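The values are calculated or read from the model by the stated rules, or taken from the named source; none is laboratory data. This structure is a prediction, so every number in the text was calculated from the model and none was measured. A quick note on method: Cβ atoms are made from the backbone with ideal geometry, for glycine too, and the neighbour counts reach across all protein chains shown. For the accessible areas, the whole protein counts, side chains as well, though only heavy atoms, and no ligand, DNA or RNA atoms are used. Shrake-Rupley method; radii C 1.70, N 1.55, O 1.52, S 1.80 Å.
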Amino acid sequence: MAEKGNTNMEKIVSLAKRRGFVYQGSEIYGGLAGTWDYGPLGVVLKNNIKNIWWKMFVEDREDMYGLDAAILMNGKVWEASGHVGGFSDPLVECKKCKKRFRADHVEGDECPSCGGELGEEREFNMMFETKVGAMEDSSSVSYLRPETAQGIFVNFKNVVDSFHPKLPFGIGQIGKAFRNEITPRDFIFRVRELEQMEVEYFVKEDTLKEHFEKWQKIMWDFIDIIGLDKEHVHELEVEAEDRAHYSKRTIDFEFDFPFGRKELYGLAYRTDYDLKKHQEHSKVSLEYLDEEAKEKIIPHVIEPSLGVDRTFLAILADAYREDEMGGETRTYLKLSPTIAPVKIAVFPLLKNKPELVAKAREIFAELKKQFGKVQFDDNGNVGKRYRRQDEIGTPYCVTVDYDTIEKDNTVTVRDRDTGEQERVSVEDLVQFFLDKKMI
Ligand code: ATP
């Protein structure tokens, strides 16, 4: 039987690299702290996460609108939103070795690296500053966005004018965000270039509680659909002093990562803070005409904010397994079929037998048409192929052998988790996998 998940990070990082999920950013130059590159299988897994989110949070809902705003925004956006003044973490520097740490991550008053004395705590703004255009004056200063949310707030009026939505409605977007984290660490958990999936959901203030709870439930549904063990996810009601400057209530969804229980997602009640600030600073009315009450209001906002990279890591951490099969230790990823980068692998038993290869290719084409993420694999002996597919989390392998073409038109279907094999008729194969809820 399979052993329980959560094992140490080194094994996960090593598998992620070996199998082409995640590579260190700029690796041949010694890397760049806080950056990681997603390899061929990582891209597919990441896209699966984003596609499921997009479908659940945007596409399948009549009250949601999608957006893809620019990463670079007018510098005034970040003054209005409070990020220039307040998007910072507390920093301490060691007087001896000069290393810098996030003050709230250091225990005691000694340098975690050399034991030296730590200096005074100060605030460090985490936005990456940049200059836009050829002019070198203050008007050219901008920032790489530290959250996707502001792109939504500044387009609130555009969406209202184009679509005239009735409250409550929301705008969702997926995109990159950048934070100059003081100490990026724990693989893709705390990075400097990250990807977020965010919704700003606009409501009347008096319906707030009801909608907050609805989004809380949708977040749990998402956690379930991507295959995370719900037992490893915990809600934390964030205390007032720990909340972001714009928030009146925040629930963190924490996950039991191999390095401890840490924030996976946030659900925040941002009040009418952002729209009011942008109205004040831009001098453009962001009021919404409530036709029922015949009055103009600034809607209140609920924000489910989900990080793609942390989702990716939680999925890997939960799925990583080691067990014994056929007298050998094996490693496999127990990924949900909805999220696995390869859903089915199709093998000819032998590579150098054209009749087996031709039949396997035919079956592969049929399954690929139906399920998309199907791989043809004839590299190495079958045992090796199974190990490789186990390591990338492929739920099923289909093998074409001589019985298939000479006897009864059946193939072997092997189950990743149990290693058990059954013979399934080629005609029934698509239905067999449809029943397994692969998509
Ligand atoms: P933390 O307290 O861990 O720094 P945060 O509270 O600043 O996180 P939010 O501002 O709530 O994070 O960001 C929303 C989501 O974006 C987080 O729940 C997380 O999934 C993701 N996220 C934020 N910062 C990072 C980062 N540096 N690396 C990876 N993902 C991140």
Distant-in-sequence amide H partners of Arg190 (H built 1.01 Å from N, under 5 Å): Arg185
For Lys95, the lysines lying under 23 Å Cα to Cα, once residues fewer than eight places off in the same chain are dropped, come out as none
For the chain, projected area of the alpha-carbon convex hull averaged over all directions, nm²: 26.8
Which residues qualify? For Asp290, with a placed amide H closer than 5 Å and at least 5 residues away or on another chain, they are Glu295, Lys296, Ile297
Any chance you could run the full-extension gain for Val43 through Glu420? It's 0.36 nm times the residue separation minus the Cα-Cα distance, nm to one decimal. 132.8 nm
Which Cys residues of the chain have no other Cys beta carbon under 4.7 Å away? Cys397
Before rounding to the nearest 500, sum -39500 (n - 2.57) across all DSSP H runs of length at least 4 in the chain and divide by the residue total; then give [θ] at 222 nm in deg cm²/dmol. -8500 deg cm²/dmol
Within the accessible area of region 342-435 (1.4 Å probe), percent carbon and sulfur: 47
Just need the relative contact order of region 342-435 here, percent rounded to a whole number, with Cα pairs under 8 Å and 6+ apart. 29
Using per-residue counts of other Cβ atoms within 10 Å, averaged over each peptide, order 16-22, 420-426 from highest down. 16-22, 420-426
Rounded to a whole number, the Stokes-Einstein D of region 91-189 in µm²/s (Kirkwood radius over Cα pairs; 10 °C; 1.306 mPa s) is 92
Where the centre of each part is set by its Cα atoms, how far does region 306-377 sit from region 415-438, in angstrom? 13
For region 342-435, the per residue accessible area (1.4 Å probe, Å²) is 46
How large is the accessible surface of Glu195 in square angstrom, using a 1.4 angstrom probe and rounding to the nearest 10? 20
Members of Lys368/Lys436; Lys55/Lys204; Lys17/Lys437; Lys17/Lys384 lying beyond 20 Å, as alpha-carbon distances in this model show: Lys55/Lys204; Lys17/Lys437
Give me the one-decimal nm value for the distance between modelled label points at Asp403 and Cys114, 7 Å along each residue's Cα-to-Cβ direction. 6.8
Square roots of five times the Cα gyration tensor eigenvalues for region 342-423, Å: 18, 14, 12
Region 22-115: projected area of the alpha-carbon convex hull, averaged over directions, in nm²: 10.8
Report, ordered by chain and residue number, the aspartates and glutamates lying within cross-link reach of Lys276, taken as a straight Cα distance under 12 Å and ignoring same-chain residues fewer than 8 apart. Glu287
Quick one: work out the % antiparallel among DSSP beta bridges in region 342-435, nearest 5. 55
